1. Provide the convex hull volume over Cα atoms per residue for the protein assembly as shown, in Å³.
2. Roughly how many debye, to the nearest 20, is the charge dipole of the protein assembly as shown about its Cα centre, given +1 on each Lys and Arg Cβ, -1 on each Asp and Glu Cβ, and no other charges?
3. Let me know the mean shielding of A:159-167 by other chains, meaning the per-residue number of their Cβ atoms within 10 Å of its Cβ.
4. Quick check: net charge around B:G124, other residues with Cβ under 15 Å of its Cβ, Lys/Arg +1 and Asp/Glu -1?
5. Mean shadow of chain B, computed from the convex hull of its alpha carbons, in nm²?
6. Please give me, ordered by residue number, the chymotrypsin sites (Phe, Trp or Tyr not before Pro) of the stretch A:154-243 that lie in loop per DSSP and have at most 11 other Cβ atoms within 10 Å.
7. How large are Rg and Dmax for the stretch B:172-320 when only the alpha carbon atoms are used, in Å?
8. For chain A, what size does the Cα cloud have along each of its three principal axes, sorted from largest down, in whole Å?
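The values are calculated or read from the model by the stated rules, or taken from the named source; none is laboratory data. Computed from a predicted structure; not experimentally measured. Methodologically, a virtual Cβ is constructed for each residue, glycine included, from the backbone with ideal geometry; neighbour enumeration extends over all protein chains shown. All accessible areas refer to the heavy atoms of the entire protein, side chains included, with ligands and DNA or RNA removed. Shrake-Rupley method; radii C 1.70, N 1.55, O 1.52, S 1.80 Å.
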Amino acid sequence: MLAAAALAILLFALPLIGLLQRADWSRVVDDLRSPASAAAMRLSITTSLAATVLAIALGLPLAWLLARTDIPGRAVIRALVLLPMVLPPVVGGVALLAAFSRRSPLGSWLYDAFGIQLTFSRAGVVLAEAFVAMPFFVITVEAALRSLDPRFEQVAAGLGASPAQVFRRVTLPLIAPAVAAGAILSWARALGEFGATITFAGNIAGRTRTLPLEIYLQLESDPQAAIALSLVLLLVSFAVLIGLRDRWLGGARP
Amino acid sequence: MSLTARIQVRLDGFDLDVGLDAQPGRVLAIVGPNGAGKTTALRTLQGTAALDGGRIELEGTVLDDPAVGTFVLPEQRRVGMVHQDLLLFPHLSARDNIAFGLRARGTSRSDARRCADEQLAALGLQAQAGSRPAALSGGQAQRVALLRALAIEPRLLLLDEPLAALDPTTRGETRRDLRRTLDGFGGVAIVVTHDPIDALTLADDVVVIEQGRVAQAGTLAEVTARPRSRHVAELIGTNLVRGAASGTRVVSGGAVIHLAEPVEGDVFVIIPPSAITLQSDEPTSSARNRWPMTVAGIEPSGERARIRLEGPLPLVAEITATSLASLRIQVGEVTWASVKATELHAYLR
């Protein structure tokens, strides 16, 4: 038992140690400052933040719908929403391509009517990242809404607050920790998105080549640069873990 | 200017079907065991539960009438509610909790806060204005919840077991404050409770609910003195005497009542009917409370009998059928009633 558990710990620890050991610390900063790396980082930050905003804007009403209403087919809707969490991202990318490419009915209509092309564009990156990341936000917020005592909202309504006021002044503040956690979680997922992005938005330098794509590319030509960029994502992951430690690591939360 | 309601709701296991009539300026207590349907009745008045049948009319406005499809949403009813768990918004200060209703009704933030501060100061809670509910004591939180409900100047004030969450020491004091607040409230007030003491000290009128039906309704004096069923008698039937206390003496009308513990002021004294002993001659026992009484009525009820007595203090005594037989008392005869001081409970009004 103990040996197997130790083996499991090694399985998680060894890759981490390998990454830190292989890094050439003298040139990490220079590697990160290279034009290609800097462009990928800038793109990743802007698209992942945009995807997070999209996940919040659409995910909040969706979580509310799933937690608080009795719409028919709710189980089906929830399964649909959670699908991207278990779906291979590359399949998600193929599916997005099938739905939104200029050869699809929806994609061609978007292009003809509004001149919007999602494939091979920055907007496509945001869409792919949101597709993969939003479920994390939705399940976190839905769980918080479910565990929230509905009587607080009833009290607020009884005091004369309209449904919008109740949501803004009572519901939202009470689930704020979960909204923040869900947002961080989906942002981290969006930042690391690879499969759906490369399949749907392609790999165009400066436009759709995000940090993970850049790492994959550099691994062939300049492994040290790839490791430097990997360290950045590792650092972000650690920061997220520490930020959410109360939720996951059994911290001070009662 | 009153509440008239026929509340019919289908519940698991039984149907709730009660009629309520409440007058402004008076406090109506709904009394009954847990699970009798009291809270459900309150929820229909608040608007968080809908009627299956019946009708609720407040000050001439129909709030709920399923027969014609009328249902006024809770936010449009102007009904104040204090929950058993208080349900103060945990993310807002005491001040902002109280200001919430005013803000929702369009009062500016600064005006609403000023109003809340004035209310808090009136109860000596100005130091707690900025505190979150978690930092308030039970009694303070209860007062804040009451102020929050009253801030919207409700037409109807509902209190669901308002004192149940408090520990016994704060309870008495908070009950007294609540009574004072209710005295100054001009609308219809309804208190739901399973604790007879709350009903006895807070209410003017009583409705006893049992298994979803009204077992008895009337003024507090009527129901406590003349419970119509064994169940009502057990729940609330008692002697409730109001008097002026000074030390261990309470003067009420022409009678003096001796208490075991000293107390000062306007009090309710509760004399449990079963604690009263009857005998034909002046008692020689150690009981300090003894009054000559005239038997006004004898109501047998199973193994026990309720004896209505008139004299310096109108009382109801409850004795066993055996002692009734051995005493051989008749209506119109004189008998001595005695009760030990330790059997009495006095509550500051």
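1. Normalising the Cα hull of the protein assembly as shown by residue number yields 254 Å³.
2. Dipole size: approximately 1220 debye.
3. For peptide A:159-167, the averaged partner shielding equals 6.
4. In short, 0.
5. If you wrap the Cα atoms of chain B in a convex hull and average its projections, you get 19.6 nm².
6. Qualifying residues, ordered by number: none.
7. Taking only Cα atoms of the stretch B:172-320, I get Rg and Dmax of 16.4, 51 Å.
8. Principal axes ranked by extent give 64, 59, 35 Å for the Cα atoms.
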